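Each remark here refers to the structure printed beneath this line.
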Amino acid sequence: MNYATIKNCDIANGPGVRVSLFVSGCTHRCKGCFNEVAWDFDYGEPFTQETVDEILKLLEPPYIRGLTVLGGEPFEPVNQAAIVELLRQVKEKYPEKSIWAFTGYLLDKDILAKRLGPWEVTEEYLQYLDVLVDGPFEEERKNLSLRFRGSDNQRLIDVPKTLAAGSIVLWQDE
């Protein structure tokens with residue numbers, strides 16, 4: 001997997017101050033995407049253990065609330081294994097920090113119903129997430145007043161509650 005960039009002190013992609021990892025590679029190609037450069041799977045730098053170590057170091061300060069993974073498309077099957085390894089290490093070192101991810105896939109209709117990706121990897125991936133912002137960006141539904149999403153079709157899903165309930169439970173702002 002490659003990654004496009006890592007942002008420290010990001011306040012746009014989840015609550016509080018966060019570290020955000022923008023992965024490379026996306027097959028959705030949403031019209032009006034803010035990050036078209038990251039559609040290319042070969043864009044950016046290789047994602048290595050050194051990258052993971054850098055992210056873990058950036059997460060260290062107590063004012064950092066958590067990690068957000070977006071892209072590109074972090075749920076592309078070829079990106080999942082590297083992200084799961086990152087999330088595993090983040091949860092081991094910082095169990096109190098939240099993990100958010102953004103995806104153009106729908107959790108219920110694409111990820112769960114179609115058992116997207118190598119399923120055992122996807123299942124583990126979901127176990128680490130606190131919130132998943134799902135759904136493709138739809139330019140005609142763009143709404144700049146929304147928090148943490150670009151268009152009003154996108155949902156902020158409380159992943160642990162959703163998995164426990166077996167149906168979508170929306171995240172309630174803290």
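The values are calculated or read from the model by the stated rules, or taken from the named source; none is laboratory data. What you see is a predicted model; the values in this text were computed from it and never measured. Note that each Cβ is placed from the backbone with ideal geometry, even for glycine, and that neighbours are counted across all protein chains shown. In case anyone asks, the SASA skips ligands and DNA or RNA and just uses the protein heavy atoms, side chains included. Shrake-Rupley method; radii C 1.70, N 1.55, O 1.52, S 1.80 Å.
The table for this structure:
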{"quantity": "Probe 1.4 Å, protein heavy atoms only - accessible area per residue of the chain in square angstrom", "calculated": "49 Å²"}
{"quantity": "Kirkwood-Stokes translational diffusion coefficient of the stretch 111-174, alpha-carbon pairs, 10 °C, 1.306 mPa s, µm²/s", "calculated": "123 µm²/s"}
{"quantity": "Relative contact order of the stretch 132-172, defined on C-alpha pairs under 8 angstrom at six or more residues apart (%)", "calculated": "36 percent"}
{"quantity": "Qualifying trypsin sites (Lys or Arg not before Pro) for the stretch 61-113 [loop in DSSP, other Cβ within 10 Å: at most 12]", "calculated": "none"}
{"quantity": "Trypsin sites (Lys or Arg not before Pro) lying in DSSP loop within the stretch 4-38, provided at most 14 other Cβ fall within 10 Å", "calculated": "29, 31"}
{"quantity": "Cβ charges +1 (Lys, Arg) and -1 (Asp, Glu), total dipole of the stretch 28-161, debye", "calculated": "540 debye"}
{"quantity": "Solvent exposure, largest accessible area first (probe 1.4 Å, DNA, RNA and ligands not counted), of 76, 140", "calculated": "140, 76"}
{"quantity": "Loop GluC sites (Glu not before Pro), the stretch 63-118, which have at most 12 other Cβ atoms in a 10 Å radius of their Cβ (DSSP)", "calculated": "96"}
{"quantity": "Matching label, Kirkwood radius over Cα pairs in Å computed from the structure shown, candidates (1) 16.5; (2) 18.9; (3) 16.0", "calculated": "(3)"}
{"quantity": "Lysines with Cα under 26 Å of residue 91, excluding same-chain neighbours fewer than 8 positions away", "calculated": "7, 57, 161"}
